[in-house]
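A.B. asks: The following block contains the structure, expressed as structure tokens.
The values are calculated or read from the model by the stated rules, or taken from the named source; none is laboratory data. What you see is a predicted model, and the numbers here were worked out from it, not measured in a lab. Cβ coordinates were reconstructed from backbone atoms using ideal geometry, including for glycine residues, and neighbour counts include every protein chain displayed.
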Amino acid sequence: MKILIILGHPDKQGLCSQLFESYIKGAENGGHEVRAVQIRDLDFDPILHRGYRAIQELEPDLKKVQADILWAQHLVFVFPIWWASAPALLKGFFDRIMLPGFAFRFRKNSSLWDKLLKGRSARLIVAMGGFNWYYNLFMCRSGVKTVRDGILKFCGVSPVRVTQIDRSEKLLDKKEKYWIEKIRQMGQMGQ
């Protein structure tokens, strides 16, 4: 399987980076073709200055990631949940890269649209400081739903599976090792 894994955490250290690396190792050991992107290392303006009224010229790094998305059969996004949502850097990345004509196309005189990224599946691996039950019940999984439904499924990516790791800042060493190994196994199986 061709897998593109994208790290949406702006920091080089921490659990998200460890999960990112673990998934890559597992996928490579499983015989999958892997491409990896760390958004923090891309050279791009994350602000969509004029919305879709005037599409900004894509920077070379974003053009390459678009090519990687088209190449991939499976997309994996690793990111934290902050303030019930994804980090601003990841949101800016989506704003700039998931453009009309690339990821979707509105139909003329219709409320329907073409989903241009069909044929791909995805996995979201999210880490949060709070409790899953609280995030799911009171925040309605808002950040996860935005990425899963409002972006990926809107563009035709399906299925999109989610792995939520709660209390990530308070994980004991044993629990952290458990998650790192579990994510490695997901990579190995191409999930």
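A.B. asks: Are any residues in region 148-174 within 19 Å of the chain's Cα centre (by Cα) and at pLDDT below 95, and if so, which ones? Walk me through how you get there before you give the answer.
C.D. replies: Initial filter on region 148-174 (within 19 Å of the chain's Cα centre (by Cα)): 148-166, 168.
Scanning region 148-174 gives D166, S168.
A.B. asks: Looking at region 104-134 only, could you name the residues that are buried (at least 21 other Cβ atoms within 10 Å of the Cβ) and out of contact with any strand residue (DSSP E or B) (no Cβ under 7 Å at 6 or more places or on another chain)?
C.D. replies: L117, the sole residue that qualifies.
A.B. asks: Answer yes or no as to whether G156 is at positive phi and not acidic (D, E).
C.D. replies: Working: at positive phi: yes; not acidic (D, E): yes.
Yes; evaluated as a whole, the condition is true for this residue.
A.B. asks: Moving on to the next point. Give me a count of the residues in region 26-39 that are surrounded by fewer than 16 Cβ atoms within 10 Å (Cβ to Cβ), on the phi < 0 side of the Ramachandran plot and not in a strand (DSSP E or B). Before the answer, list the steps.
C.D. replies: Initial filter on region 26-39 (surrounded by fewer than 16 Cβ atoms within 10 Å (Cβ to Cβ)): 28-29, 31, 33.
Among the residues that remain, those that are also on the phi < 0 side of the Ramachandran plot are: 28-29, 33.
Remaining after also requiring not in a strand (DSSP E or B): 28-29.
Selection size over region 26-39: 2.
A.B. asks: Can you tell me which residues in region 87-140 are within 24 Å of Q191 (Cα to Cα) and of a type in the set (S, T, Y)?
C.D. replies: S121, Y135
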